[in-house]
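J.: Take this structure, written in structure tokens, and hold onto it; I'll ask about it next.
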Amino acid sequence: MLEEAEKRKKTEEKRLPPLPGAEEGRVVTRFAPNPDFVIHLGNARPAILSHEYAVMYKGRFILRFEDTDPRTKTPLPEAYEAIREDLRWLGIRWDEEYIQSLRMEIYYEYARRLIELGGAYVDDKPAQVFREYRNSGRLSQYPPRLRSVEENLELWDKMLEGSYGEGEAVLRVKTDPDHPDPSIRDWVAFRIIDTSRYPHPLTGDKYIVWPTYNFAAGVDDHLLGVTHILRAREHRQNTMKQEYLYRYMGWRYPHVVHFGRLKLEGFIMSKSLMKSLAAEGEEVRLDDPRFATIAGLRRRGILPETIRRIIIDVGVKQTDASISYTNLASLNRSLVDPEARRLIAVIDPVQLVIHGVPEPVKAEIPYHPSKPDMGSRVLVLEAPTAKAYIQRSDAEQLKVGDMVRLMEAVNIVITRKTRDRVEAKYHSRSIEEARRASAPIIQWVPASTKTLVTILKPEGLRIETLQGLGEPEPKARIGEIVQFMRIGFARIDAIRRTSGQPEIVAIYAHD
RNA sequence: GCCGCGGUAGUAUAGCCCGGCCAAGUAUGCGGGCCUUUCAAGCCCGUGACCCGGGUUCAAAUCCCGGCCGCGGCACCA
């Protein structure tokens, strides 16, 4: 218990700054992903922050899928559940869930209301014509904008009935026609998507008139009682657009916090790059450890708590942040180190023969150096001649005459060395002897082992493969995060049999 | 080009709103030491930053102006 408290203190987390205008019990936040892909660290930021604030103020947290573009951002049927899974894994629980494509009638109703209030009009001119008016400062004289409410309601019904094809009509919100930012002038609230050609995975071709992000999100944020919106800076203009809608409806716009972009150094974050890797014929999964997807980080042995802390640590600044993997790894290490069992693997093994061993050596090696309660296992060296494997990188450091200690076992002196074989003679048993000689300590496995160990090490776009041998009877579980002694932390990704031999496949996390 | 936002050590962040207690805190990295049967963890010491230039002021990282640089938006995407 005491130890637990100390650990908490050591890895103490930073707290989030107060939310403007927040009252305990009255805060409602939401995370609104587009289910066209899984989420990555960048999307996880608003999810974590929104959830965190809802918890901090004992409010509500909403998950809302924004799937109102079946054409250019076609929702992926499996993404809905994959996103839920990622959120659950991150420790995020939501009080309510909504899917926008299932709320279309609501948006239609509010569209009608907005038209009745004179806040929107149907534009059935080609987009090019609108742009000419808008960009030449004559938007206030744009003929469709001058239509009566009655006429607009009629045309709106025609849109819903399917009288227009794609691109033939949109519903626009009337804004300041001379707004300094042209993109804000009379923005589009609804457009037509031919769902017979681009069916929606949830609603098929039932609807052809679809709300844009700004309309659907704007309406929902009000209807669901959202009080605080946390979103990336690229939405700043959207906030201004939606405020027009709120003004017409007499609603109060939620508090908004904008933050900058997030990059994770050394990881692939771009969706298009992920997809192009797949196109190159590589076998690519969304949880590829080279990707900064939540699933990819999970597979690589990054804990949800690490992600949570790093997001809170980065906070809500407007500047872009580039998280260095060193920092993320350090945080993860501090969380994982107390729990990770120490396993042994020798990469690129070299045979070691030890002569003159006086009696068999049973080395009892604890699974964690400072936690005896995590147990131990016994590795054996035979007598009078013991055979083992050591790592090539270690063998290369050794010269004839050098003393080296096999971890938890014996001290030996090198007598002969060839490329693939090292011979040595027994020297002594005790650690003190090794210390006196300043002998290095290296890990080893008995020659009788059959266990193959493969460690996949993501390096930018590449994945390096480390092949070696492991303990004779490794007790590892899939999903477990272990530390391979003197190699680094890794997550056990698979345990299988390769031509009769057990094989552990692990994905390297960090040293 | 037009709108908008921002610039604190290698990285991230605190401080900036309400100028002095900041010759700038913390984490990570890096250098050195201690400890240690891992190149992990732990402990100690050290290292390193206010974009530039003006102005206001007794006093500016903090306020004002200009410049430079970075980023976002300018979609019938979200």
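J.: What do you get for the angle between helix A:149-161 and the principal long axis of chain A? Use alpha-carbon atoms, 0 to 90 degrees, nearest ten.
T.: 50
J.: For region A:117-256, with every protein chain kept in place, what is the accessible area per residue (1.4 Å probe, Å²)?
T.: 43
J.: Just the accessible area for A:Asp181, please: 1.4 Å probe, Å², rounded to the nearest 10?
T.: For A:Asp181, solvent-accessible area is about 40 Å².
J.: Find the accessible area per residue for region A:363-511; the probe is 1.4 Å, ligands and nucleic acids are left out, and the unit is Å².
T.: 49
J.: Okay, moving on. Measure out, as a whole number of angstrom, how far apart the alpha-carbon centroids of region A:123-191 and region A:71-103 sit.
T.: 32
J.: Same structure, new question: Relative to the Cα centre, what is the charge dipole magnitude of chain A, using +1 at the beta carbon of each Lys and Arg, -1 at the beta carbon of each Asp and Glu, and rounding to the nearest 20 debye?
T.: Approximately 1360 debye in magnitude.
J.: For A:Glu24, A:Glu96, give me the order by solvent-accessible area with a 1.4 Å probe, most accessible first, ignoring ligands, DNA and RNA.
T.: Per-residue accessible area, sorted high to low, gives A:Glu24, A:Glu96.
J.: Tell me the label-point distance for the pair A:Arg435, A:Val378, using the 7 Å Cα-to-Cβ offset, in nm and rounded to one decimal.
T.: Result for the modelled spin labels: 2.6 nm.
J.: Give the accessible area for A:Val314 in Å² (nearest 10); use a 1.4 Å probe, count only protein heavy atoms, and leave out ligands, DNA and RNA.
T.: 40
J.: Round to the nearest 10 and give me the degree value, 0 to 90, for the angle of helix A:304-314's Cα axis relative to the longest principal axis of chain A.
T.: 60
J.: Have a look at the DSSP beta bridges in chain A and tell me what percent are antiparallel, nearest 5.
T.: Around 65 percent of the beta bridges assigned by DSSP in chain A are antiparallel ones.
J.: Toward the positive end of the charge dipole of chain A, about the Cα centre and with charges on Cβ (Lys, Arg +1; Asp, Glu -1), which of A:Pro254, A:Phe484, A:Val505 goes farthest?
T.: It is A:Phe484.
J.: Carbon and sulfur together cover what percent of the accessible area of chain A at a 1.4 Å probe radius?
T.: 49
J.: When ligands, DNA and RNA are left out and all protein chains stay put, how many square angstrom of accessible area per residue does region A:260-336 have with a 1.4 Å probe?
T.: 43
J.: Over the Cα atoms of chain A, Rg to Rh with Kirkwood Rh, two decimal places?
T.: Radius of gyration relative to Kirkwood radius: 1.14.
J.: How much length is gained if the chain between A:Trp89 and A:Asp320 is pulled fully straight, taking 0.36 nm per residue apart and subtracting their Cα-Cα distance, in nm to one decimal?
T.: 80.6 nm
J.: Kindly report, to the nearest 10 Å², the accessible surface of A:His235 as traced by a 1.4 Å probe over protein heavy atoms only.
T.: 40
J.: In region A:343-446, with Lys and Arg counted as +1 and Asp and Glu as -1 at Cβ, which of these residues, A:Val413, A:Gly401, A:Ala363, has the Cα nearest the positive end of the dipole, that is, farthest along it?
T.: Value computed over the given set: A:Gly401.
J.: Another question about this same structure. Angle check, please: helix A:104-116 long axis (alpha carbons) against the longest principal axis of chain A (alpha carbons), in degrees 0 to 90, nearest 10.
T.: Here the helix axis deviates by roughly 40 degrees.
J.: Still on this structure, please answer the following. Report, in listed order, any pair from A:Lys387/A:Lys450; A:Lys371/A:Lys450; A:Lys73/A:Lys317; A:Lys158/A:Lys206 with a Cα-Cα distance greater than 18 Å.
T.: Correct reply: A:Lys371/A:Lys450; A:Lys73/A:Lys317.
The values are calculated or read from the model by the stated rules, or taken from the named source; none is laboratory data. Keep in mind it's a predicted model, so treat the numbers as computed, not measured. Don't worry about glycine lacking a Cβ; one is built from the backbone with ideal geometry, like all the others, and counts go over all protein chains shown. Heads up: the accessible areas ignore ligands, DNA and RNA and are worked out on the full protein's heavy atoms, side chains in. Shrake-Rupley method; radii C 1.70, N 1.55, O 1.52, S 1.80 Å.
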